[in-house]
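Data first, discussion second: the structure below is written as structure tokens.
Values in this text are rule-based calculations from the coordinates and carry no lab data. Keep in mind that what you see is a predicted model, and the values were worked out from it rather than measured. Heads up, the Cβs are rebuilt from the backbone with ideal geometry, glycines too, and the neighbour counts pull from every protein chain shown.
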Amino acid sequence: MKVFTKSGHFLLTGTPEGKVLLYDVIKNRSLVHTYVGHTKAVRDITFSNDGTHFLSCGFDGIVRYWDT
């Protein structure tokens with residue numbers, strides 16, 4: 001689980017099903033988007049410095065670069 005540190009506005013979390021979930025934790029604590037791209041569990045996630053992108057890596061050996 002990662003929080004975008006500059007604003008603390010978004011939270012990323014990976015699932016055992018290979019999805020990455022983006023939540024808005026300030027406004028209404030709702031799920032903003034579900035990213036599907038891994039065939040195995042998400043191992044780690046991190047935001048870019050400006051928060052416009054993030055990287056995810058899974059136990060499937062794939063690293064993905066996403067638009068936030």
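For segment 33-52, name all the residues that are of a type outside the set (S, T, Y) and exposed (fewer than 13 other Cβ atoms within 10 Å of the Cβ). The answer is V36, D44, N49, D50.
Does Y65 satisfy the criteria of being surrounded by 17 or more Cβ atoms within 10 Å (Cβ to Cβ), assigned to a strand (DSSP E or B) and aromatic (F, W, Y)? Steps first, answer last, please.
Details: surrounded by 17 or more Cβ atoms within 10 Å (Cβ to Cβ): no; assigned to a strand (DSSP E or B): yes; aromatic (F, W, Y): yes.
Judged against the criteria, Y65 is not a match.
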